[in-house]
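Student: Sharing a structure below in structure tokens format, with a few things to ask.
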Amino acid sequence: KPNIAILATGGTIAGSGESSVKSAYSAGAVTVDKLLSAVPSINEMANIKGEQISNIGSQEMNNEVWLKLAKRVNELLKRDDVDGVVITHGTDTMEATSYFLDLTVKSKKPIVFVGAMRSGSSMSADGPMNIYNAVSVAINKESNEKGVLVVMNDEIHSAREVTKYNTSAVNAFVSPNTGKIGTVYYGDVHFYMTPIRKHTYQSEFDIEKINSLPKVEILYAHANDSEIFVNAAVKAGAKGIIHAGMGNGNPYPTTQEALGEAVKKGIVVARTSRVGSGRTNLHGEVDDEKYGFIATDNLNAQKARVLLMLGLTKTQDKKALQDMFFKY
Ligand SMILES: NC(=O)C[C@H](N)C(=O)O
């Protein structure tokens with residue numbers, strides 16, 4: 001049987017509430033052993049070892065947990081007695097954490113994120129089947145070399161593409177630009193596509209050399225926007241700003257000028273879009289050369305933030321950073 005490490009970080013999948021038919025619950029309430037005891041059948045497929053990394057709602061996710069998790073996954077996957085890793089995680093920030101690992105863990109072995117939209121104490125909880133499916137994906141040879149995967153609601157998504165798209169539905173996850181890459185139905189795994197952007201073992205980011213991450217803030221654009229949050233980010237010492245612009249990454253005029261001023265102070269400003277799908281193109285309505293902005297291809301703001309944080313651990317050079325957004 002393959003050896004699978006299950007690393008638990010918290011989330012609704014480890015959540016518990018007083019009533020099975022009421023929406024109130026606390027995330028990160030049960031330990032990894034309790035969580036896995038709800039799916040005894042995974043022990044028939046694999047030798048399972050559970051490990052607690054954190055036990056938080058993923059809205060509390062932070063740099064410390066990201067670094068700890070990525071280093072631990074890297075360490076485990078280097079061992080001959082570990083064939084794959086499953087990470088249980090809250091769904092709020094799963095798209096960011098999974099992309100962080102997609103860019104930092106050096107391994108060809110399967111790395112699978114899984115969460116739930118209903119807590120363990122809820123009627124028709126989705127966590128146990130999601131875990132069963134995630135382990136099925138982790139032991140499948142076809143999952144090798146595909147980068148970090150996210151398994152939710154019978155679907156397999158690439159970490160680069162996936163995003164949370166609904167606040168409460170069981171089918172909360174989609175990959176708006178490319179679609180899912182596979183399906184998993186009662187453990188029956190089928191892949192239809194493979195990610196081609198660079199990831200995991202092809203990535204230049206080495207987690208062993210990263211001990212802290214630069215401050216990068218996301219600013220959300222709107223009609224009648226102003227410069228106040230740009231100025232606040234500059235004052236707080238941000239090294240990078242991700243601007244979630246309107247449409248094709250467009251800032252409001254006042255904000256655009258303030259962002260241009262931030263660039264002159266050495267802050268890297270990357271334009272992304274609040275729309276939710278599509279590319280933020282260079283040479284659109286914004287004169288990126290004049291303002292010194294970079295564009296983020298089709299990454300959403302939260303993923304662009306992950307890549308910019310990692311990029312800034314290597315270089316401040318705008319051309320080099322721009323190239324990363326076409327590579328990863
Ligand atoms: N469904 C969930 O997991 C939501 C929860 N707030 C979390 O991200 O931890």
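Student: May I ask for the distance between the Cα centers of segment 188-242 and segment 54-131, given as a whole number of Å?
Tutor: Going from one Cα centre to the other spans 18 Å.
Student: OK, next. Could you work out [θ]222 nm for the chain from helices alone, using -39500 (n - 2.57) per DSSP H run of at least four and dividing by all its residues? Round to the nearest 500 deg cm²/dmol.
Tutor: That calculation yields -8500 deg cm²/dmol at 222 nm.
Student: Go ahead and set up a Gaussian network model of the chain, Cα springs under 10 Å, then flag whichever of Ile131, Ile181, Ile13 fluctuates most.
Tutor: Maximum among the listed residues: Ile181.
Student: Scan around Gln52 for amide H atoms under 5 Å from its own, H built in the peptide plane at 1.01 Å from N, and keep only partners 5 or more places away or cross-chain.
Tutor: Placed amide hydrogens put Ala8 under 5 Å from Gln52.
Student: Relative contact order of the chain, please, whole-number percent, based on alpha carbon pairs below 8 angstrom and at least 6 residues apart.
Tutor: That works out to 14 percent.
Student: Could I ask something else about it? Given a Förster distance of 30 angstrom, what is the FRET efficiency for Ser16 paired with Tyr185, based on the Cβ-Cβ distance and rounded to 0.05?
Tutor: According to the calculation, E is roughly 0.65.
Student: Once phi is turned into θ = phi - 60°, what whole-Hz ³J(HN,Hα) does the Karplus curve with 6.51, -1.76 and 1.60 give for every residue of segment 151-159, x standing for Gly and Pro?
Tutor: 10, 8, 6, 6, 10, 10, 10, 7, 4
Student: I would also like to ask the following. For segment 3-202, what does the alpha-carbon gyration tensor say about shape, rounded, prolate or oblate, given a ≥ b ≥ c as the root eigenvalues, a/c under 1.5 as rounded, and a/b over b/c as prolate?
Tutor: On the way: a/c = 1.38, a/b = 1.29, b/c = 1.07.
Cα axes put segment 3-202 in the rounded bin.
Student: How much net charge surrounds Ala262 when only other residues with a Cβ under 11 Å from its Cβ are counted (Lys, Arg +1; Asp, Glu -1)?
Tutor: In short, 0.
Student: Here's a follow-up. Karplus couplings for segment 111-124 from phi (6.51 cos²θ - 1.76 cosθ + 1.60, θ = phi - 60°), rounded to Hz, Gly and Pro as x?
Tutor: Ordered by residue, 3J(HN,Hα) equals 10, 10, 8, 8, x, 8, 9, 10, 5, x, 8, 7, 5, 6 Hz.
Student: How about Lys198: which aspartates and glutamates have a C-alpha closer than 18 Å to its C-alpha, ignoring those fewer than 8 places off in the same chain?
Tutor: By straight Cα distance, Lys198 reaches Glu95, Asp102, Glu142, Glu145, Glu161, Asp206, Asp297, Asp323.
Student: Oh, and also: Compute the angle between helix 94-104 and the longest alpha-carbon principal axis of the chain, please, reported from 0 to 90 degrees and rounded to the nearest 10.
Tutor: 80
Student: Then there's this: Search the structure for amide H atoms under 5 Å from the amide H of Ile218, placed 1.01 Å from N in the peptide plane, and list their residues when 5 or more places away or on another chain.
Tutor: Ile242
Student: Continuing with this model, one more query. What residues have an amide H closer than 5 Å to that of Ala295, excluding those fewer than 5 places away on the same chain, when H is modeled at 1.01 Å from N in the peptide plane?
Tutor: Arg271
Student: While we're on this one: May I ask you to evaluate 6.51 cos²θ - 1.76 cosθ + 1.60, the Karplus curve with θ = phi - 60°, for each residue of segment 309-319 and list the ³J(HN,Hα) values in order in whole Hz, giving x for glycine and proline?
Tutor: The phi angles translate into 4, 5, x, 5, 6, 10, 7, 9, 5, 5, 5 Hz.
Student: Could you work out which residue, out of Leu299, Leu103, Leu312, moves most in a Gaussian network model of the chain, that is, has the largest mean-square fluctuation with Cα springs under 10 Å?
Tutor: For the chain, modelled as a Gaussian network with Cα springs under 10 Å, the answer is Leu312.
Student: Multiply the residue separation of Asp287 and Gln59 by 0.36 nm, subtract the distance between their alpha-carbon atoms, and state the gained length in nm to one decimal.
Tutor: Gain on extension, Asp287 to Gln59, equals 78.6 nm.
Student: First select every other residue whose beta carbon is under 13 angstrom from the beta carbon of Asn177; then total the charges, Lys and Arg +1, Asp and Glu -1.
Tutor: Residues near Asn177 contribute +2 overall.
Student: Please find, in a Gaussian network model of the chain (springs between Cα atoms separated by less than 10 Å), the residue of Ala169, Ala233, Ala27 whose mean-square fluctuation is greatest.
Tutor: Highest fluctuation of the listed residues: Ala169.
Student: While we're looking at this one, here's another question. Would you list which lysines come within 17 Å of Lys34, measuring only between C-alpha atoms, while excluding same-chain residues fewer than 8 positions from it?
Tutor: List returned: Lys49.
Student: Still on this structure, please answer the following. Using a basic spin-label model with each label point 7 Å from the Cα along Cα→Cβ, how many nm lie between Glu142 and Gln202?
Tutor: 2.0
Student: Tell me the net charge near Ile139. Cut-off is 9 Å between Cβ atoms, Ile139 excluded, with +1 for each Lys or Arg and -1 for each Asp or Glu.
Tutor: With Lys, Arg at +1 and Asp, Glu at -1, the net is +1.
Student: Could you check the simple spin-label distance between Ser26 and Lys1, using points 7 Å along Cα→Cβ, in nm with one decimal?
Tutor: Label at Ser26, label at Lys1, 3.3 nm between them.
Taken together, the values in this text are just the output of simple stated rules run on the coordinates, not laboratory data. Quick caveat, the model's predicted, so the values are computed rather than measured. Virtual Cβ from ideal backbone geometry, glycine too; neighbours counted across all protein chains shown.
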